[in-house]
Amino acid sequence: MAMLKMKIYGYRLRALLSTSLSSSPFHSVPSRTFSSSSFEVLNVYNGPDGLLQGGDLLTPQLFIDSSTIDPQTSRKLAVSVSNCILKEKKENWENPVMLDAPVSGGVVAAEAGSLTFMVGGSEDVYLAAKSLLLSMGKNAIFCGGPGNGSVAKICNNLAMAISMLGLSEALALGQSLGITASTLTKIFNSSSARCWSRFNAFNLGSQIIHFLVFSMFSMHSCFLLGKKSGGGERVCSTILKYAQCDSDSYNPVPGVMQGVPSSRNYSGGFASKLMAKDLNLAAASAEEVGQRFPLTFLAQNIYTEICNDGHETEDFSCVFQHYYSGKGERN
């Protein structure tokens with residue numbers, strides 16, 4: 001499945017970029033990579049047949065890596081690329097350049113051309129490459145220097161995981177106490193629990209304070225991790241814009257919402273094993289900065305358990321059913 005996704009991304013991108021070069025300052029098709037781990041990315045660039053193994057002279061002016069990997073690997077690769085020399089110097093470009101540009105949206109968004117790119121690197125290079133990115137996606141957000149696109153992606157997915165856990169826990173608790181998930185969902189979507197990362201109403205009298213507190217700590221943890229990993233304010237603003245609560249768009253309870261993975265036995269969507277992988281990246285980054293991020297490690301442990309129990313290919317919202325023992329509802 002990972003290879004299939006990479007092929008879908010790659011084939012569509014190659015076609016789109018080939019038709020976009022006329023409006024771009026780049027005179028050769030940029031080299032673009034999608035891989036599932038830092039090891040694979042390093043092998044693609046520095047391995048025996050890697051992109052950087054042609055000596056110090058390279059043909060591509062621009063390298064774009066859209067893998068979800070740790071920020072330090074992205075930063076090391078950016079340095080490696082910039083230390084090379086172009087075979088043919090074009091205008092003011094003497095050295096090849098690199099952007100880390102992980103995406104949000106998955107295969108469906110790639111096919112529809114509606115991906116969101118979170119971009120780290122030189123701002124001048126980002127501006128020069130923006131038209132290429134927008135030929136495939138609907139958004140391209142500059143996050144700051146090299147590696148900051150990777151910082152934004154792992155913090156975005158961390159917020160998504162913790163928010164899903166908070167939502168699932170609140171819905172499961174409500175079911176156990178006698179209220180239906182569909183009723184709670186209506187409350188969430190019309191009160192202060194709706195998209196807490198974007199709306200600042202805080203109603204202390206609400207019955208959903210449990211979920212509010214969880215979501216507040218979720219965003220606080222992600223902001224701190226983003227800053228400590230070198231992301232700065234740009235990364236935090238990107239997380240705030242795109243990390244949303246799931247009750248009104250990605251409900252985890254079977255039978256409450258149509259067209260989402262929970263409505264089709266958690267098939268499709270974002271696999272739990274990929275969420276676990278991204279949480280491992282977040283946990284490793286948290287350890288590097290040496291600050292307390294308890295929800296990061298809690299989410300990591302929960303999704304690791306979900307995968308170990310045989311649900312690694314199911315959408316990450318399956319945590320409602322397989323971890324919290326929540327029940328579906330009939331339409």
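The Cα atoms of region 244-331 define a convex hull whose projected area, averaged across directions, is 5.9 nm². Distance between the C-alpha centres of region 48-120 and region 263-331: 29 Å, rounded to the whole angstrom. Accessible area ranking (1.4 Å probe, heavy atoms, ligands and nucleic acids excluded), largest first, for R330, R264: R330, R264.
The values are calculated or read from the model by the stated rules, or taken from the named source; none is laboratory data. Predicted model only: the values in this text are computed from it and were never measured. Note: areas computed on protein heavy atoms with side chains; ligands, DNA, RNA excluded. Shrake-Rupley method; radii C 1.70, N 1.55, O 1.52, S 1.80 Å.
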